[in-house]
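**Student:** Sharing a structure with you now.
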Amino acid sequence: MSSQNPISNTSLIQRPRRLRGNPVLRNMVRETQLTVDDLIYPMFVMEGENQKIEISSMPGCYRYTLDLLLEEIQQIKELGINAVALFPLVPEAKKDDTGTESFNPDGLVQRTVKAIKQAVPDIVVITDVALDPFSIHGHDGIVDEYGVILNDPTVEVLVKMAVSQAEAGTDIVAPSDMMDGRIGAIRQALDAAGYFNVAILAYSAKYASSYYGPFRDALDSAPKFGDKKTYQMDAGNAREALKEVALDIAEGADIVMIKPALAYMDIICQVKSITNLPVAAYNVSGEYAMIKAAAQQGWIDEKKVILETLTSMKRAGADLILTYFAKEVALMLL
């Protein structure tokens, strides 16, 4: 039988494989394209000078002192990464039970934002708004004598933190605490202080997930007691995520986010269907660590799995992806 005249089913009119025959065709009809513009790079900053410490549970990720962080940011900007999300490693001596260091105008975050904006003014800086890095308890809110996380007193501190970050020059504040009403309170305070152009990226559907472990290693911010299930969302809930998103939009969010991403693709898809706002997804530390661990064992092709994983998040509906793979992906896409 000639390979040029194979026996075929002539009744087939639709043959989807026609458009899969070679790489050029596949690229032409690809529905979802991952680009470097989709990426936000989470970065860890610490006090000190000339130090870069690898996080053992996140191979390839580091805590940087400010001087080396600025060098790294200049490098990633040259790769086309246009946004970074900052997370501080706060010394124990500066932690207390109300997070007062969080709104210190000379605090680590505030100094870092000012330095970045001076060194690389056109990169977008996103700052985390939550108390866990600043709290002796490791929780995202103020804790009372009975171990209860207090919502409204926490929001008062979050507002001070967000305004302080805006004063330092941040472009976007990102409340990750999951306290009720904090988006509206922060928007009102930013506007009252004249920071109309500082945007809010709301962690709208942040789940009480087991995927956060390596991140808490990075910041030494694991809760000292209990868990975060009284304020972060239950993993079994989807309709509640839509409620949280709707509330944040009504209160003034500019971008809404789902965290984690990989186990919550259905939530990303549902949120995308109900809003015209940009939707972000956080490819969290545990997701990163699993790929790195499997790659170190030789069980997967690391680069291909990274690209497939992030593309799947975008296909689900994410317009933006916070990912520790950002630098690696930027290099792959060059």
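**Student:** Does Thr323 count as crowded, with 20+ Cβ neighbours inside 10 Å and either in contact with a helix residue (DSSP H, G or I) (Cβ under 7 Å, 6 or more places away or on another chain) or farther than 20 Å from Met178 by Cα (or both)?
**Tutor:** Values: crowded, with 20+ Cβ neighbours inside 10 Å: yes; either in contact with a helix residue (DSSP H, G or I) (Cβ under 7 Å, 6 or more places away or on another chain) or farther than 20 Å from Met178 by Cα (or both): yes.
Here the answer is yes, as Thr323 does meet what is asked.
**Student:** Could you list, in sequence order, all residues of segment 233-247 that are without any contact (Cβ under 8 Å) to a residue 24 or more places away in the chain and either closer than 12 Å to Ile274 by Cβ or touching a Leu at 6+ places or on another chain (Cβ under 9 Å) (or both)?
**Tutor:** Within segment 233-247, Arg239, Lys243 qualify.
**Student:** Among (1) under 17 Å from the mean Cα position of the chain (by Cα); (2) surrounded by 19 or more Cβ atoms within 10 Å (Cβ to Cβ); (3) in a helix (DSSP H, G or I), which single condition is Arg187 missing?
**Tutor:** Condition not satisfied by Arg187: (1).
**Student:** Now for a different question. Quick check on segment 37-87: of everything there that is part of a helix (DSSP H, G or I) and within 15 Å of the chain's Cα centre (by Cα), which residue is farthest from Ser176 (Cα to Cα)? So that I can check it myself, show each step before the final result.
**Tutor:** To start, the set of residues in segment 37-87 that are part of a helix (DSSP H, G or I) comprises 37-38, 66-78.
Now drop any that are not within 15 Å of the chain's Cα centre (by Cα), which leaves 37-38.
Working: Asp37: 22, Asp38: 20 Å.
So the residue we want is Asp37.
**Student:** Inside segment 144-183, can you point out the residues that are assigned to a loop (DSSP other than H, G, I, E, B) and not hydroxyl-bearing (Ser, Thr, Tyr)? Lay out the reasoning, then the answer.
**Tutor:** Initial filter on segment 144-183 (assigned to a loop (DSSP other than H, G, I, E, B)): 144-148, 169-171, 176-181.
Asp144, Glu145, Gly147, Val148, Gly169, Asp171, Asp177, Met178, Met179, Asp180, Gly181 - these are the residues of segment 144-183 that are assigned to a loop (DSSP other than H, G, I, E, B) and not hydroxyl-bearing (Ser, Thr, Tyr).
**Student:** Within segment 215-261, count every residue that is part of a helix (DSSP H, G or I), under 18 Å from Asn283 (Cα atoms) and either touching a Gly at 6+ places or on another chain (Cβ under 6 Å) or basic (Lys, Arg) (or both). It would help to see each step written out before you state the result.
**Tutor:** Taking segment 215-261 as the starting set, the residues that turn out to be part of a helix (DSSP H, G or I) are 215-219, 239-251.
Applying the additional criterion that residues be under 18 Å from Asn283 (Cα atoms) yields 215-219, 241.
Right, trim to either touching a Gly at 6+ places or on another chain (Cβ under 6 Å) or basic (Lys, Arg) (or both) and you get 216.
Adding up the residues that qualify gives 1.
**Student:** Across segment 147-181, which residue is surrounded by the fewest Cβ atoms within 10 Å (Cβ to Cβ) among those that are among the small types (Gly, Ala, Ser) and either modelled with pLDDT of 95 or more or within 27 Å of Ala281 (Cβ to Cβ) (or both)? I'd like the intermediate steps shown before the answer.
**Tutor:** Let us first name the residues in segment 147-181 that are among the small types (Gly, Ala, Ser), namely 147, 162, 164, 166, 168-169, 174, 176, 181.
Those left that are additionally either modelled with pLDDT of 95 or more or within 27 Å of Ala281 (Cβ to Cβ) (or both): 162, 164, 166, 168-169, 174, 176, 181.
Details: Ala162: 28, Ser164: 21, Ala166: 22, Ala168: 21, Gly169: 17, Ala174: 25, Ser176: 21, Gly181: 13.
The residue in question is Gly181.
**Student:** To continue, here is another question. When segment 33-50 is examined, which residues are found to be in contact with a Leu (Cβ under 7 Å, 6 or more places away or on another chain) and free of Cβ contacts under 8 Å to residues at least 24 places away in the same chain?
**Tutor:** Within segment 33-50, just Asn50 meets the criteria.
The values are calculated or read from the model by the stated rules, or taken from the named source; none is laboratory data. Keep in mind it's a predicted model, so treat the numbers as computed, not measured. Cβ coordinates were reconstructed from backbone atoms using ideal geometry, including for glycine residues, and neighbour counts include every protein chain displayed.
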